[in-house]
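The values are calculated or read from the model by the stated rules, or taken from the named source; none is laboratory data. Everything quoted here is computed from the prediction, not taken from an experiment. Note: ideal-geometry Cβ built from the backbone for every residue, glycine included; neighbour counts use all protein chains shown.
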Ligand code: FES
Ligand code: FES
């Protein structure tokens, strides 16, 4: 069995009970993904599995055989930081930074969910395209806690990135 982490095939752990979070941090030394609560309540451990956000503390590594896992370390490209990483810097979207990798991975998955038309608790019109307004963003990101209370900057950074994605999409159409 192998699992692809940030584009590189990695060997499976010998112990089938190893969580994806411990596998990333303890076996592969990818310490960007953070352990907060270790029980699915804080979002610090969020990574992307084939582009969908998941809580790696609640995932067994063996469940992700053949899947593509992306962590915060895998977002940067040759062109530089991911635009959302840059937006977090420009909008002061962090203080201690502990929650930040999870916030960024979660926001990337969240944006893709909205584009696929996945509704949230506050979505009013289930037949219209989802606009990621302030309420939608806060609701959809409510699983990612920030003990520093950097929420205003976090929402501003994500909103700017979503706007930029919309402009790119419009330009491509
Ligand atoms: S460490 Fe996974 S949700 Fe908190
Ligand atoms: S920036 Fe410190 S927990 Fe969010």
Of those in segment 140-150 that are within 14 Å of ligand 2 (Cβ to nearest atom) and either touching a helix residue (DSSP H, G or I) at 6+ places or on another chain (Cβ under 8 Å) or not assigned by TED's automatic domain parsing to the domain that holds residue 99 (or both), the residue nearest to residue 92 (Cα to Cα) is 146
How many of the residues in segment 102-142 are away from ligand 1 (no atom under 16 Å from the Cβ), under 16 Å from residue 155 (Cβ atoms) and surrounded by fewer than 17 Cβ atoms within 10 Å (Cβ to Cβ)? 7
Look at residue 28 and say whether it is in contact with a strand residue (DSSP E or B) (Cβ under 7 Å, 6 or more places away or on another chain) and without any contact (Cβ under 8 Å) to a residue 24 or more places away in the chain. yes
Residue satisfying condition, being more than 28 Å from residue 58 (Cα to Cα), within 16 Å of ligand 2 (Cβ to nearest atom) and touching a residue at least 60 places away in the same chain (Cβ under 8 Å), within set 156, 164: 156
Given the structure, is residue 137 assigned to a helix (DSSP H, G or I) and either in contact with a helix residue (DSSP H, G or I) (Cβ under 8 Å, 6 or more places away or on another chain) or at pLDDT 95 or above (or both)? yes
